[in-house]
Number of protein chains: 2
Amino acid sequence: MSAMARCVPMNAVDSLLVRAAHRRPVPRTPVWFMRQAGRSLPEYRAVRAGIGMLDACARPDLVTEITLQPVRRHGVDAAILFSDIVVPLKAVGVDLDIKPGVGPVLAEPVRTAQDVAAIRPLVAEDIGFIDEAVRLLVGELGGTPLIGFAGAPFTLASYLIEGGPSRDHARTKAMMHGDPALWSTLLDRLAQIALAFLRVQVAAGASAVQLFDSWAGALSAADYRRFVGPHSATVLAGVADLGVPRIHFGVGTGELLDQIGAVGADVVGVDWRVPLDEASRRIGPDRAVQGNLDPALLLADWPVVDREVRRVLAEGRDAPGHIFNLGHGVLPVTDPDMLTRVVELVHTASAR
Amino acid sequence: MSAMARCVPMNAVDSLLVRAAHRRPVPRTPVWFMRQAGRSLPEYRAVRAGIGMLDACARPDLVTEITLQPVRRHGVDAAILFSDIVVPLKAVGVDLDIKPGVGPVLAEPVRTAQDVAAIRPLVAEDIGFIDEAVRLLVGELGGTPLIGFAGAPFTLASYLIEGGPSRDHARTKAMMHGDPALWSTLLDRLAQIALAFLRVQVAAGASAVQLFDSWAGALSAADYRRFVGPHSATVLAGVADLGVPRIHFGVGTGELLDQIGAVGADVVGVDWRVPLDEASRRIGPDRAVQGNLDPALLLADWPVVDREVRRVLAEGRDAPGHIFNLGHGVLPVTDPDMLTRVVELVHTASAR
């Protein structure tokens, strides 16, 4: 990729999000929400009506509109591309669909050496619609940074091997332990796909990236170290030359926080189970933290939310950098006005 | 309850399970499996054919047969009563059913003060079928101890408030934070129900009890301390006079292990995310540990299982007491022969 081809929104580079991620001083704490573009918003449900998830992800006009909706409504400090972690898998020909209320479902799970060998690399031409959507968005967003994202190799592998969402990841773990060579081949392919997906987004103008290893918390620290971390490291190292901050997130990762950081993150996303001050101790001084309000609490009354937002801000104060977020995605039943009030509160209560 | 009324199987009192739970020396490590009586066994599927879960739980003949099946087949060192944590709720009139592939589902969720007030106490007469099943079992089991069990107040509350299984426990947490007084009333009622359920089982001859707080790992340590632990402590303190060991288990409780023990457990069940040596350090010297092979690994080949069983035994060796178990329940797809081999390996490899 040449420097010429890269569209860099100069003011986004100096945004609060990027500065906090790089552990530089900020006048107030930046805030965005995982799944801020989604079912909690009536305007989202309106534009999605009758359009399948993967079809929506392939339409730059819809991706742009949906990505912008929470920025307009809530005044968050970052947009995150509306897409799905399985979009690059679909783009390389994996036969899958995203079923409402279920999640990604494969026509045939990936379980043999032949299945793994059939997964080809992702090239930029596979995802022209992503490049176009990001360019449109960067033009619209002005100084608000756009976060690009990808699914981490382990989480992608779990969907592929299980054939859909899984609570126990049993066949995934069985392959990991039972056929480490095949596992490594699969994860390396997925790492290259995730990396290519991120590079297209950054080349088109994304100002930061988030690598979602949503299910990493299902693993012991020993399994993560041996079977997962090195492949996530490949992805994160592969975007290092682009200079954008790298956020790395998983749920239930209390036992893994040091590793989640050490595989190459600038920012570690933390769920609500570990307070940010303790999380930052585990992660160390070289990385910022992101999180970690329990999304379930947004269903309580405002006094509860007010108290908990202030607690999260207080616990994040001594971290080397703090990006306010939820500990996991916005729940679809969330009242969007609650999210707007959280943004306002973070902006005022964190002002230095 | 009078001492006369209590049926005590004397040889079970000196069983390996009870001795390990009380941190007394054992010639080898006892082993049983959560959900050992269940869908992994063809003989279970045969006797359950055409019979609903709650109907099966109400028939002492079936409960006895199903509870004995894994003891016969695997030679485990303990039986656990075949029942469900919602059985006592059904017994006090909560309108619920257990749907195959889903779990407990309520006709109407419990969300208001009126709903909570309608939950009446459990009395022994409500669960004569449990008393009968336990007495039948104790007669059959001889020296093999029977573990009685109950759901902990938080996990029961989540089913009641959400109306069924939940991934995020959002309405549960909203009530907990939004109306702490109502929450406390509900959890106190559920603690009394769980306690009464356990006392009936021990009076009829159960040699140990396990309190399942399956979803406690969804909570932060601060929320557990304030909203949950005191109610679990009520249950565990309420059986202290019976002298049977109390096992307390939840999934994903790495951040809570000290509290899970301190609320009154003799044994803390640990999932696979924290190695037993580290878990025991967090729990302290006054409690034994139970666990913690990842049930997903039973889908791998035997050499993997052999290695991992030995690892768990080695990590549990320095704990004040160790009961071998999985880190969560047996997965329905598990090959039952694998479970039998694990029992044999634990028996031989742990011999002192």
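The table below lists the values:
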| read-out | value |
| --- | --- |
| Residue match in the range A:106-128 (condition: aliphatic (A, V, I, L, M) and touching an Asp or Glu at 6+ places or on another chain (Cβ under 6 Å)) | yes |
| Search result, residues across the range B:213-225 that are among the charged types (D, E, K, R) and open to solvent by less than 10 Å² (accessible area, probe 1.4 Å) | B:Asp213 |
| Helices (runs of 4 or more DSSP H) wholly inside the range A:252-335 containing at least 3 residues that are within 26 Å of B:Gly178 (Cα to Cα) and within 14 Å of another protein chain (Cβ to nearest Cβ) | A:276-283, A:302-316 |
| Leading residue by the ranking (nearest to the other protein chains (Cβ to nearest Cβ)) among those in the range A:171-225 that are over 16 Å from A:Ile80 (Cα atoms) and among the β-branched types (Val, Ile, Thr) | A:Thr172 |
| Residue match in the range B:298-305 (condition: open to solvent by less than 10 Å² (accessible area, probe 1.4 Å) and among the aromatic types (Phe, Trp, Tyr)) | no |
| Filter pass, A:Gly291 being under 16 Å from the mean Cα position of the chain (by Cα) and either open to solvent by less than 10 Å² (accessible area, probe 1.4 Å) or among the hydrophobic types (A, V, I, L, M, F, W, C) (or both) | yes |
| Top-ranked residue of the range B:157-176 - restricted to ones that are part of a loop (DSSP other than H, G, I, E, B) and farther than 18 Å from A:Gly327 by Cβ, ranked as nearest to the chain's Cα centre (by Cα) | B:Pro165 |
| Test for B:Ser166: is it of a type in the set (Ser, Thr, Tyr) and within 30 Å of B:Gly243 (Cα to Cα) | no |
| Candidate set from the range A:340-352 (those that are small (Gly, Ala, Ser) and open to solvent by less than 40 Å² (accessible area, probe 1.4 Å)); member that is farthest from the other protein chains (Cβ to nearest Cβ) | A:Ser350 |
| Single unsatisfied condition, A:Leu198 versus (1) under 19 Å from A:Trp32 (Cβ atoms); (2) touching a residue at least 60 places away in the same chain (Cβ under 8 Å); (3) not polar (S, T, N, Q) | (2) |
| Residue within the range B:262-272 that is closer than 30 Å to B:Ala204 by Cα, without any contact (Cβ under 8 Å) to a residue 60 or more places away in the chain, among the small types (Gly, Ala, Ser) and open to solvent by 10 Å² or more (accessible area, probe 1.4 Å) present | yes |
| Given (1) open to solvent by less than 10 Å² (accessible area, probe 1.4 Å); (2) away from chain A (no Cβ under 14 Å), index of the condition B:Phe154 fails | (2) |
| When residues of the range A:226-251 are limited to those that are of a type in the set (A, V, I, L, M, F, W, C), out of contact with any His (no Cβ under 6 Å at 6 or more places or on another chain) and open to solvent by 20 Å² or more (accessible area, probe 1.4 Å), the one nearest to the other protein chains (Cβ to nearest Cβ) | A:Ala233 |
| Flag for B:Gly151 being within 26 Å of A:Thr253 (Cα to Cα) and either of a type in the set (Val, Ile, Thr) or in contact (Cβ under 8 Å) with a residue 24 or more places away in the chain (or both) | yes |
| Enumeration of residues in the range A:329-339 that are closer than 21 Å to A:Gly269 by Cα and surrounded by fewer than 17 Cβ atoms within 10 Å (Cβ to Cβ) | A:Pro332 |
| Pairs, first touching a residue at least 40 places away in the same chain (Cβ under 8 Å) and more than 20 Å from A:Leu137 (Cα to Cα) in the range A:38-64, second open to solvent by less than 40 Å² (accessible area, probe 1.4 Å) and not in a helix (DSSP H, G or I), C-beta under 7 Å, six or more apart | A:Ser40/A:Val330; A:Ser40/A:Thr334 |
| The range A:176-188, residues that are surrounded by 22 or more Cβ atoms within 10 Å (Cβ to Cβ) and farther than 15 Å from A:Ala233 by Cβ | A:Met176, A:His177, A:Trp183, A:Leu186 |
| Within the range A:177-191, tally of residues that are touching a residue at least 12 places away in the same chain (Cβ under 8 Å) and either acidic (Asp, Glu) or outside any helix (DSSP H, G or I) (or both) | 1 |
| Count of residues meeting criterion [of a type in the set (Val, Ile, Thr), crowded, with 21+ Cβ neighbours inside 10 Å and not in a helix (DSSP H, G or I)] in the range A:54-102 | 4 |
| Lone unmet requirement of (1) open to solvent by less than 10 Å² (accessible area, probe 1.4 Å); (2) within 12 Å of another protein chain (Cβ to nearest Cβ) for A:Asp168 | (1) |
| Search result, residues across the range B:248-285 that are within 14 Å of B:Leu326 (Cα to Cα) and either modelled with pLDDT under 95 or aliphatic (A, V, I, L, M) (or both) | B:Val251, B:Val268, B:Val270, B:Val274, B:Leu276 |
| Per-region count, the range B:103-150, residues small (Gly, Ala, Ser), part of a helix (DSSP H, G or I) and open to solvent by less than 20 Å² (accessible area, probe 1.4 Å) | 1 |
| Subset of the range B:25-42 that is more than 22 Å from the chain's Cα centre (by Cα) and surrounded by fewer than 18 Cβ atoms within 10 Å (Cβ to Cβ) - its residue that is farthest from B:Leu242 (Cα to Cα) | B:Pro42 |
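The values are calculated or read from the model by the stated rules, or taken from the named source; none is laboratory data. Values in this document were obtained by computation on a predicted structure and should not be read as measured data. Glycine also receives a Cβ, built like all others from the backbone with ideal geometry; neighbour counts cover every protein chain displayed. When the accessible area is computed, the model is the full protein with side chains, heavy atoms only, and any ligands, DNA or RNA have been set aside. Shrake-Rupley method; radii C 1.70, N 1.55, O 1.52, S 1.80 Å.
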